[in-house]
Amino acid sequence: MKINNILIANRGEIAVRIISTARRMGIKTSVIKTSAEPAAMYLSLADNVYDNTENVSEIPVFLDIERIIKIALDTGADAIHPGYGFLAENPYFAQKCVDNKIAFIGPSPDSIYKMGNKTLARKIALANNIPMTIGSDGKIPSENEAVRIARRIGYPVIIKAASGGGGRGMRIVSKEEDMPNMFRLASNEAEKAFSDPSVFIEKYIENPKHIEFQILGDTKGNIIHLGERECSVQRKHQKLLEEAPSIALDDQLRKEMGQMAVRIASAVGYYSAGTVEFLFDSEGAYYFMEMNTRIQVEHPVTELITGIDMIEEQIRIAEGKELRYSQKDIKFNGWAIECRINAEDVQSGFSPSPGKIEQIIMPSGDNIRVDSGVQAGSVIAANFDSMIAKLIVYGKDRKDALANCKQALDKVWIKGTKTTLPFFRMLIRNPRFLDGSITTSFIENELTSYHVNSEYEEMLAAWLATWLFVEENLDESNLKINFEEAKNISPWLLNKRISRH
């Protein structure tokens with residue numbers, strides 16, 4: 001089938017990202033306007049906007065399956081792209097699309113269910129000889145059973161939600177006396193997040209790396225991988241920075257782990273884009289963790305080193321077309337790093353910092369890509385995620401990419417809300433990060449500060465306050481001020497807005 005009109009059942013930067021590729025492919029896009037974001041950036045880019053601002057349903061529209069199906073039918077959409085989050089990994093939603101003869105731009109409902117149910121995914125992995133950590137055979141019915149299983153496995157163990165991921169419904173348990181309380185906390189959190197309190201237990205791998213493989217499959221049974229991403233920079237199981245490839249893998253290990261990723265995808269007849277995630281220990285052993293049956297936030301780093309537009313491939317696969325690539329066609333060139341710039345206060349434990357983006361200046365250049373769903377005047381709403389932009393940089397190797405990333409970060413300026421920029425400016429100067437020896441415990445166990453202090457910080461603050469006062473309160477036509485000396489204090493102030501003075 002030929003897709004002509006895609007309803008994007010999402011918002012923010014991923015909606016903008018999908019619109020960009022669809023437009024290039026000559027496909028129209030429809031989006032949903034909500035009362036929480038009536039002036040969102042993505043609304044101005046789509047071909048059709050469905051006004052849902054007067055809908056008073058208690059269920060947010062991006063979680064309301066029946067509502068989204070109706071909007072698709074009302075807008076004449078013949079396909080739905082779920083992006084990530086919300087309903088992207090909901091098998092019932094995928095099935096409702098099929099039932100209404102709407103192409104779901106993603107995998108089959110059956111694949112989503114099998115990989116989304118973590119206990120079932122474990123069984124499939126074990127049946128196909130995929131390396132796994134020792135764990136429970138299935139869902140754990142009680143605290144007493146959890147204690148018994150943990151004794152058999154040996155502490156530390158990790159409790160995980162059976163029907164979800166992203167760090168929710170997850171608890172690490174180091175000693176037996178903590179198990180009853182941790183079991184209840186994990187189960188309660190799983191029920192709130194996924195409407196399923198079921199949990200299971202695995203042996204906890206201490207201080208691993210988190211490495212994931214991007215896969216693509218079509219409806220003809222062809223499946224390939226696009227290499228790995230290093231995702232060990234994370235806090236409380238939430239990723240902050242990703243890079244591709246990983247410094248930990250050589251060509252032989254990359255080939256072996258990639259084959260394992262393709263094997264488990266093949267076991268469930270997978271098609272579309274997906275990500276197979278592994279834990280990688282200090283001895284070089286790897287263990288299957290889970291599969292995410294959707295496009296990932298960090299997909300741009302894979303696109304930069306392979307030259308493949310993954311949204312385009314998703315759309316082509318949903319149209320029933322065969323993959324254009326075999327495994328031997330995939331070549332990896334250079335290195336890419338992605339920083340997730342969120343509206344969060346790093347000095348207050350990465351707490352959300354919603355508000356209005358008064359001004360935003362992002363760098364540009366041959367080695368820089370910015371994926372964003374906001375602009376000056378946009379509001380970071382408290383009821384949605386705090387993503388402002390993804391800053392993605394490229395280099396011919398890791399050293400080059402790191403240098404480009406440092407330079408790019410120093411040129412970002414965002415006014416109106418606190419952001420994670422101070423964290424990234426610190427990270428890109430940290431010796432452990434620079435040598436690639438970090439693990440998933442790096443941030444929580446080894447960092448003494450989440451931000452970098454500049455010797456010019458107080459001077460910059462005073463200078464900026466003066467500049468903004470002058471700009472907002474005086475008539476520029478009668479003002480003659482030389483900013484040349486001041487702007488040399490820090491490269492992140494070098495931008496057109498300042499230099500015009």
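Laboratory data are not the source of any read-out in this text; all were calculated from the coordinates shown. Model, not experiment: these values are computed from the prediction. We place every Cβ from the backbone using ideal geometry, glycine too, and count neighbours over all the protein chains shown.
Note down, for the range 210-302, the three equivalent ellipsoid semi-axes (square root of 5 times each alpha carbon gyration tensor eigenvalue), biggest first, whole angstrom. Walk me through the intermediate numbers first.
Numbers: eigenvalues 85, 46, 27 Å².
Semi-axis lengths for the range 210-302 are 21, 15, 12 Å.
As an exercise, identify the GluC sites (Glu not before Pro) in the range 1-70 lying in DSSP coil whose Cβ has no more than 12 other Cβ atoms within 10 Å. Before the final figure, lay out each step's value.
On the way: sites: 13, 54, 58, 66; in loops: 54, 58.
Answer by residue number: 54, 58.
Net charge within 12 Å of residue 30 by Cβ-Cβ distance, Lys/Arg positive one each and Asp/Glu negative one each, not counting residue 30 itself?
Numbers: positive: 28, 33; negative: 47, 51, 74, 78.
Cβ neighbours under 12 Å give a net charge of -2.
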List the residues, sorted by chain then number, that are 5 or more residues from residue 199 or on another chain and whose placed amide H is less than 5 Å from its amide H.
140, 162
Of all GluC sites (Glu not before Pro) in the range 333-382, the ones in DSSP coil with at most 13 other Cβ atoms within 10 Å are 358
So for the chain, taking the charge dipole from beta-carbon charges (+1 Lys/Arg, -1 Asp/Glu), which of 380, 38, 266 sits furthest toward the positive end?
266
Phi-based couplings in Hz for the range 312-320 (Karplus 6.51, -1.76, 1.60; Gly and Pro marked x):
4, 5, 4, 5, 4, 5, 5, 7, x
With unit charges on the beta carbon (Lys/Arg positive, Asp/Glu negative), name the residue among 104, 301, 351 whose Cα is farthest towards the positive pole of the charge dipole of the chain.
104
What is the angle, in °, between the Cα long axis of helix 143-153 and the longest principal axis of the Cα atoms in the chain? Nearest 10 is fine, range 0 to 90.
90 degrees
So for 391, 253, fewest C-beta neighbours within 10 Å to most, what's the order?
253, 391
Which of 205, 134 has the fewest other C-beta atoms within 10 Å, and how do the rest follow up to the most?
134, 205
Relative compactness, the chain, computed as alpha-carbon Rg over 2.2 N^0.38 Å
1.00
To the nearest 20 debye, what is the magnitude of the charge dipole of the chain about its Cα centre, counting +1 on the Cβ of each Lys and Arg and -1 on the Cβ of each Asp and Glu?
800 debye
Neighbouring Cβ atoms within 10 Å as the yardstick, rank 157, 147, 233 fewest first.
147, 233, 157
May I ask for the distance between the Cα centers of the range 358-405 and the range 45-124, given as a whole number of Å?
27 Å
Which GluC sites (Glu not before Pro) from the range 237-285 combine a DSSP loop assignment with at most 13 other Cβ atoms within 10 Å?
283
Can you give the angle from 0 to 90° between the axis of helix 251-267 and the longest principal axis of the chain, with both taken from C-alpha atoms, to the nearest 10?
60 degrees
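Under the rule of -39500 (n - 2.57) per DSSP H run of 4 or more residues, summed and divided by the residues of the chain, what mean residue ellipticity at 222 nm is obtained, to the nearest 500 deg cm²/dmol? Before the final figure, lay out each step's value.
On the way: 17 runs with 165 residues, N = 501.
Taking each H run of at least 4 residues, the total per residue is -9500 deg cm²/dmol.
Nearest 20 debye, what's the magnitude of the dipole of the range 134-203 about its Cα centre given +1 on Lys and Arg Cβ and -1 on Asp and Glu Cβ?
Working: 11 positive and 10 negative charges, 28 e Å.
With Lys and Arg at +1 and Asp and Glu at -1, about 140 debye.
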Ranking 225, 244, 205 by how far each Cα lies towards the positive end of the charge dipole of the range 190-246 (+1 on Lys and Arg Cβ, -1 on Asp and Glu Cβ), the top one is 205
